[in-house]
Structure formats: structure tokens, C-alpha cells
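Data first, discussion second: the structure below is written as C-alpha cells.
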Amino acid sequence: MKKILQSILALVPLLLIGSIASAQIVLLVQNPSNLAGSYSFTYSSENNWGANMDTVALTAEAAFAVDGSSTEDSLACGDIVNPMDIDGKIAVVYRGECDFSQKAMNVQDSGAVALVIINNIPGAPVSMGGGSASANVVIPVVMISQSDGELLRDAIIAGDVEMFLGNNTGLYANNVGSYKANVGGANSFAIPAKFAQSSSDFSVPVGAWVFNYGSAEAVNAIVTAVIDRDGTEVYNETSTGANIPVGDSLFFQLPDYSEAAGYEEGFYTISYTIVTDASDEFPDDNTVTASFWINGQGLYSKSTIDPVEGPRGGNGIRPANGTEYQWCVALESENAEELQITGMTFALLTNDVDLTGEAVQLAVYEWNDPISSTAVTFDDLNELTDNEFYDYTSNAESEFVTHTFAEPVEILNNQKYLACATVFTDDVFLVVDAGIDYNVMYETYLDEVFFPLNDIDGGTWYAGGFGTDNVPALVVNLENTNGIAENIEQLEVIPYPNPTVSNITIPLGTALNGDVLVDVYDSKGALVLSENICQKSNKLTMNVEQLASGLHTFNLTFEDKSSTSFRVMITR
């Protein structure tokens with residue numbers, strides 16, 4: 001199945017967001033009433049082809065374009081055989097076979113005023129790169145999901161669907177809103193718990209840009225932000241009210257979310273809610289969410305990682321003017337020395353290239369260049385890895401794979417590092433996560449939030465990569481510098497009381513948050529007790545009344561597979 005891949009023709013040397021575009025681009029089904037509402041979509045002018053959606057505002061009936069092919073669902077890759085049915089209407093076709101611009105040209109030549117492409121695979125609609133005919137496409141082109149296409153299909157065939165497509169600024173009197181690019185969040189999606197032990201090492205800027213898209217002044221706009229950790233509320237703040245003039249915007253700054261004593265592991269969701277004195281006539285964008293994951297698995301990533309299903313990514317992206325490129329994520333922590341980098345996880349997409357035999361180089365650099373608000377350089381890089389390559393043994397396109405370094409890379413506190421993947425073959429793309437946008441965080445964390453790109457053929461580093469909304473789906477894998485048990489043994493753990501009658505306390509010397517397997521053997525070596533304990537403190541307490549009198553050996557096995565043992569005398 002062909003993936004949609006994107007080449008960038010021009011890269012911005014440094015992306016610093018000082019203002020945010022205020023156009024509200026929507027796809028609204030206005031009729032029939034049972035299907036009315038806004039639908040998620042992508043559009044071609046995001047990739048600089050087709051009509052500029054900022055200037056589009058059209059309402060028209062939707063109709064399927066038919067190209068006479070034998071496929072049940074029209075792909076519009078050939079000449080349109082029902083031009084009278086789509087003339088002056090929004091043409092609807094399916095993704096597949098030919099590039100997006102060819103579909104657009106075929107319906108445009110038949111009189112369609114816009115094109116809606118229905119995705120042919122499950123999941124969100126994808127970014128649409130320009131194809132061979134993109135320079136000649138003048139109509140707006142959008143894509144909706146496969147599920148939304150199924151929902152609308154029968155009504156479109158019946159001629160009952162009327163759509164509004166484009167910039168709805170001024171369409172309603174009362175309409176304020178915000179989007180994912182306009183709200184604050186964590187400076188990384190996945191953060192190892194060791195990197196979040198204090199507010200000085202990790203905190204979350206909370207705030208939102210609110211735009212008035214309506215034709216009337218927004219009176220008493222208020223933003224509320226709620227953060228929950230796995231369903232438990234940990235933050236709730238509300239702004240003061242403010243008026244927003246027509247066509248204007250306002251940033252609502254709320255207190256940072258921080259925990260001076262450190263953050264508990266878990267999946268955190270930030271929910272922003274926007275209200276005004278008037279009832280909003282387009283409420284779809286009045287609630288915006290962001291999320292981050294503080295984890296005990298040692299996973300660090302700017303891109304999304306599902307705690308159950310693993311890393312997520314969608315499209316592939318690369319520079320257009322070269323074959324070799326290197327894309328990185330930056331990391332730094334005041335507690336870095338507690339962990340070491342063991343490897344990296346990534347995925348590739350291709351333009352019909354078999355990945356078997358392809359190689360990707362993985363590298364970690366010590367990054368010593370200073371960073372300021374006006375200059376970011378990459379002249380002082382010290383590579384800490386040595387010829388680390390992942391070699392594809394099969395065509396595992398779009399699958400996340402992990403390369404483990406020959407030797408773990410030790411890292412230092414308060415030192416910047418770049419963890420990078422280098423691709424050497426044309427038409428091979430590193431998978432990106434377009435579900436996150438670090439727009440606001442770029443302003444807040446100028447010295448932290450980076451996913452720079454090295455266009456090796458062009459000899460140029462781009463600090464902003466491809467922008468705040470195209471994040472390389474790179475995962476840095478870390479583990480404790482020493483096993484848990486090694487740390488405990490260094491502290492000379494001495495259980496007490498020993499001898500004991502009924503209970504024993506085992507001081508661990510460090511707070512643990514995970515499972516500990518306790519196996520107890522009698523003096524003959526027989527296993528007499530095995531218990532898995534969920535440990536969340538620096539002491540482990542056990543009741544041993546079920547054990548017979550005599551000398552027993554306790555063996556503790558931790559989640560990282562390290563272990564320690566000691567002997568305890570049970571007396572009766």
C-alpha cells in the first residue's frame with residue numbers, strides 16, 4: 001500500500017514562533033442535519049499546493065466523481081466520465097493508485113470547485129505532498145478519514161450533502177477557539193521518571209492562545225486548564241476574563257505545573273476549556289488537549305508513545321535536495337547521570353524501495369554549542385558512539401525497530417546531547433509524528449525543545465527541523481547506570497530485626513516504584529515462599545509468620561532483572 005511521503009523544498013534556518021496565524025480552516029457538513037458538524041481533515045496548501053485555504057470560503061453540494069475504472073470506489077486517476085455531476089460541486093474520490101494532484105487536476109478539468117479525498121486505510125487523514133501536477137491545481141484539496149467517508153457515502157450518493165470548506169472567520173457572530181499548536185504542554189512527550197525528579201529539572205508551561213474568529217467581540221473569555229494523571233486530578237487553574245476584539249487573539253498565561261518533590265509516573269492529560277459570556281456557535285475548538293507520559297521504562301521521545309501499543313508515527317519526511325540526512329532529538333537533564341543510553345527506536349517509510357539490506361546509522365553526540373534566542377549552531381559536536389548501524393534484514397516498512405548499542409552511552413548532568421538517525425538512500429523517509437505541535441513550547445523552552453535536521457548533502461543544520469508540527473518519531477532508550485540491586489548492595493542493606501519472630505523490614509536505600517519478586521529458601525535450599533510485591537517506597541516490609549524457625553535466604557529480583565540476597569534467622 002502506497003504511503004504518502006513529503007519532501008520539503010525549502011527549510012527555515014531557525015523556527016521561532018512569535019505570532020500565530022489566526023485562520024480557522026474547517027470542513028463543515030451543513031446538510032443533512034443528522035450528519036452536520038465539523039470533520040477532521042488535512043489539506044494540500046499545508047504543503048504549498050492547491051488553493052490557499054486561508055482565502056477559501058465556499059459552500060457547495062458534494063458529489064462522487066467517476067473515472068470509468070473497474071474499481072468500485074472511484075479513484076479519479078483517469079478521465080472523469082460524469083463531469084456534469086460534479087460541475088460546480090465539491091468532487092469526492094478515494095485515495096489510491098495515482099498521486100493527489102493528478103486526482104485534483106482530473107476533477108478540476110471537469111468543473112469541480114474543490115476535491116475531498118477519502119482515505120483508503122484506517123486512521124487519521126494523512127498529509128498530502130504535491131505530485132506531478134500540483135503546480136496547476138487551483139482548487140482546494142482536502143482529505144478525510146476512511147470512517148468519515150463511510151459515514152457520508154450514502155448521503156453523498158443521494159445528493160443530500162452540502163459542505164462548507166475553508167476559512168470560517170466571520171461565518172458566525174460568536175466563535176472563539178484554539179488548536180493544538182496554540183496550547184502549552186511538556187517539552188517532550190515521553191520523559192523518564194529520573195528526568196522528572198524536581199521542578200527545576202522538569203515543569204510544564206500552561207497557557208493558551210485564544211482567537212476570536214467571530215464577527216462580534218468576544219466578551220469575558222476565560223481559559224480553564226485541568227491536568228490529570230491516569231484519571232487523578234493534579235492541577236486545576238482558571239484565568240481571569242478578558243475581551244478579545246474581532247479578528248484578534250490573546251494569550252492566557254496560567255501558572256506552570258510543577259512538583260517540587262518530583263512527579264509520579266503516569267500518563268498526564270492537559271485539558272483546556274474556553275468559554276465566553278455568549279454561547280459559542282462553533283464549539284468544536286473550545287476544548288483542546290495535550291498529553292505527556294512520565295515513565296519508568298526509561299523512554300525519552302519528543303514524539304508520541306502509547307504506553308500500551310508503543311511508538312506512533314504517520315508520514316515520512318526528508319529534505320528534497322539531497323540523499324543523506326540526519327535527524328536528531330535533543331535531551332538534557334540535571335539527573336542524567338542516573339541513566340545511560342542503551343539504544344534508539346525508529347521507523348522508515350519509502351517510495352516503493354525494499355528496505356532489505358538498507359542501513360540506518362544511529363549516533364549520540366555531546367552537544368557543546370551555546371544556545372541563545374538568536375543563534376543556534378552545531379559546530380561543537382563530540383560523537384560518543386562508534387559505527388552503530390541498524391541493518392534491515394526484511395522490508396519492515398513503517399514498523400518501529402530498535403537498535404541496541406554495543407556499549408551503553410554514559411551521560412552527564414546538565415549536558416546537552418543529540419540522539420540522531422542518519423538515512424543514506426533517496427526515497428527513504430524517517431517516520432514523523434504529526435499529532436504533536438510544539439509551537440508554544442518553542443517560545444518557552446528555547447534551549448530545550450529541538451529536533452534539528454542535518455542536510456548532509458547541503459552541508460547545513462536546521463535547528464527547527466521541518467517545524468514544530470513535524471516531529472521525528474525517534475525514541476531514546478535509557479536504563480539505570482547500575483542495576484537497582486547493585487545500588488542497594490553498595491548501600492550495604494541490613495534487614496531488621498534479625499533474628500525476627502513475625503515481621504522483617506528491608507531498607508532499600510532508594511525509593512522504588514515497581515514490582516519486586518521475593519523468593520525465600522530454607523536451609524536445605526527448598527523454595528518456601530515466593531511473593532511479588534508492588535513496591536513504592538524505600539523500605540520493604542514483610543510478614544514471615546508462615547515460615548518455620550531456622551535460617552532462611554531471601555532473594556530479591558527487581559524489574560530490571562538485577563537481584564540481591566541476604567539471610568534472616570526466624571525464631572519462634
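Points worth noting:
- Across the options Gly123, Ile156, Asn106, the greatest Cα extent toward the positive end of the charge dipole of region 25-167 (unit charges at beta carbon of Lys, Arg, Asp, Glu) belongs to Gly123.
- If only the Cβ of Lys and Arg carry +1 and only the Cβ of Asp and Glu carry -1, the dipole of the chain around its Cα centre is close to 880 debye.
- Relative to the 2.2 N^0.38 Å rule of thumb, region 81-172 has a C-alpha radius of gyration ratio of 1.08.
- Acute angle (nearest 10 degrees) that the helix 146-157 long axis makes with the longest principal axis of the chain, alpha-carbon atoms: 20
- At q = 0.14, 0.18 Å⁻¹, base-10 log of I(q)/I(0) for region 388-478 (Debye sum, equal scatterers on each alpha carbon): -0.65, -1.08
- Residues Trp49, Trp327, sorted so that the one with the fewest Cβ neighbours within 10 Å comes first: Trp49, Trp327
- Contact order normalised by residue count of region 216-287, Cα under 8 Å, 6+ apart, percent: 41
- Start at zero, step by 5 Å, and the Cα-Cα distances of region 533-572 spread as 6, 17, 25, 26, 16, 9, 2, 0 percent across the bins.
- Cysteines without a disulfide-compatible neighbour (Cβ-Cβ under 4.7 Å), the chain: Cys534
- With viscosity 1.306 mPa s and temperature 10 °C, the Kirkwood radius over alpha carbon pairs of region 138-216 converts through Stokes-Einstein to a diffusion coefficient of 92 µm²/s.
- All Cα pairs of region 301-459, percent lying beyond 25 Å: 32
- Principal axes of region 224-295: Cα extent on each, largest first, Å: 43, 23, 17
- According to the Cα-based calculation, Rg over Rh for region 149-279 is 1.11, with Rh computed by the Kirkwood formula.
- Between the Cα long axis of helix 100-109 and the first principal axis of the chain there is an angle of about 20°, rounded to the nearest 10.
- Relative contact order, percent, the chain [alpha-carbon distance under 8 Å, six or more residues apart]: 13
- Unit Cα scatterers, Debye sum, the chain: log10 I(q)/I(0) for q = 0.12 Å⁻¹: -1.22
- Order of Leu474, Leu529, Leu540 under a 10 Å beta carbon neighbour criterion, fewest first: Leu529, Leu540, Leu474
Each reported figure results from applying straightforward, stated rules to the coordinates on display, with no laboratory input. Given the structure is predicted, the values throughout are model-derived calculations rather than measurements. Cβ atoms come from the backbone with ideal geometry, glycine included; neighbour counts cover every protein chain shown.
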